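Derivation of every value follows stated rules applied to the coordinates shown; laboratory data play no part. Quick caveat: nothing in here was measured; it's all calculated off a predicted structure. Virtual Cβ from ideal backbone geometry, glycine too; neighbours counted across all protein chains shown.
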Amino acid sequence: MKESKGLEWWVVMLALIWLCGIGCFGFWEEERFALLQLKASINYPNETSLPSWEDRVEGYNSMESDCCYWEGVECNETTSHVIKLFLNSTRNWSLGDWYFNASLFLPFKELRNLDLSNNQLVGWVANEAGFERLSVLSKLEVLRLDYNYFNNSILSSLGLLSSLQRLYISVNYLNGSIHLQDFPATSNLEELDLSYNGNITSLTTMIGMKSLNKLQVLRMKGITFNASVLHSLGALPSLRKLILRVEGLVTKKVDEKDLPVNKSRMICNYRYRLVEKFS
């Protein structure tokens, strides 16, 4: 009997030691290690961004060692899991192009918001899949990739992130015709920003496509289309706000109640009415 109680005591102690090793200092060690790897990638080969991200052995349970207090990191107050990473404008421009490594982000199972804007991202590392690998992050809702060097090749990859609600890819190098059906799994996306990709010439959609059926806001500032783009956007049933320039036409915001009943559902959804041509 005594041996049995002694064994139970050791089992409990070992369990507590294991739990402390992964979470009782206010953070999860796997995530802390992943952040340090991410810092090394951002700073490669010889920069010093994110100085608060330090791997200290002494004072292990101090605030400085708790990654939830590191710059740009936000954790859940209850579980201490990383839920937001604000890494915008982190990589030093003197280092040149940065290649995305999706595997660095996979340990953050609870991640909801990821900001990688303005970091000279041009693509992903060789022999690695692209953004589709982030599809395992089932709680990721917001992804910011503004002010980078991405081209159209990322669209199909981003289109597989089914949990996304807001996606920002303004000021990149998207060009030509953008096929919105390239977002096959984005049925939860509510806001999409394609602004200031000045070489975009058209948007194509397919009536009845299941992707983007919850899209409410589409931003395309700094891009000029001809009027045919309005017909393409009729395939987006939930669209409520559209920001773009249509060549030869001006728009004026009006209340939906002021629109004639015979206006198309698409125009009513936009809450805009075409009112005059440029002179």
Added length on full extension, which subtracts the Cα-Cα distance from 0.36 nm per residue, Lys241 to Ser138 | 34.4 nm
Return the distance in nm (one decimal) between the two label points of a simple spin-label model at Ser103 and Met206, each offset 7 Å from Cα along Cα→Cβ.
-> 3.4
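If I take R0 = 25 Å and measure r between the Cβ atoms of Asn175 and Asn226 in this structure, what FRET efficiency does the formula 1/(1 + (r/R0)^6) give, to the nearest 0.05?
On the way: r = 17 Å, r/R0 = 0.66.
For Asn175 and Asn226, the calculated efficiency is 0.90.
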With label points built 7 Å along Cα→Cβ from the Cα atoms of Ala129 and Ser89, find their separation and express it in nm.
-> 3.4
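Going by average Cβ neighbours within 10 Å, how do the peptides 221-232, 40-51, 141-152 rank, with the highest at the top? Before the final figure, lay out the partial values.
Values: 221-232: 15.7, 40-51: 13.2, 141-152: 19.4.
Sorting 221-232, 40-51, 141-152 by mean packing, highest first, produces 141-152, 221-232, 40-51.
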Taking amide H positions as placed in the peptide plane 1.01 Å from N, state which residues far from Gly123 in sequence (5 or more) or on other chains have amide H under 5 Å from it.
-> Phe100
List, in order, the whole-Hz ³J(HN,Hα) value for each residue of region 106-119 obtained from phi through the Karplus relation with A = 6.51, B = -1.76, C = 1.60 and θ = phi - 60°; use x for Gly and Pro.
-> 5, x, 8, 5, 9, 5, 10, 9, 10, 10, 10, 5, 6, 10
How many nm is it between the label spots at Glu54 and Asn199, if each spot is 7 Å from the Cα in line with the beta carbon?
-> 4.5
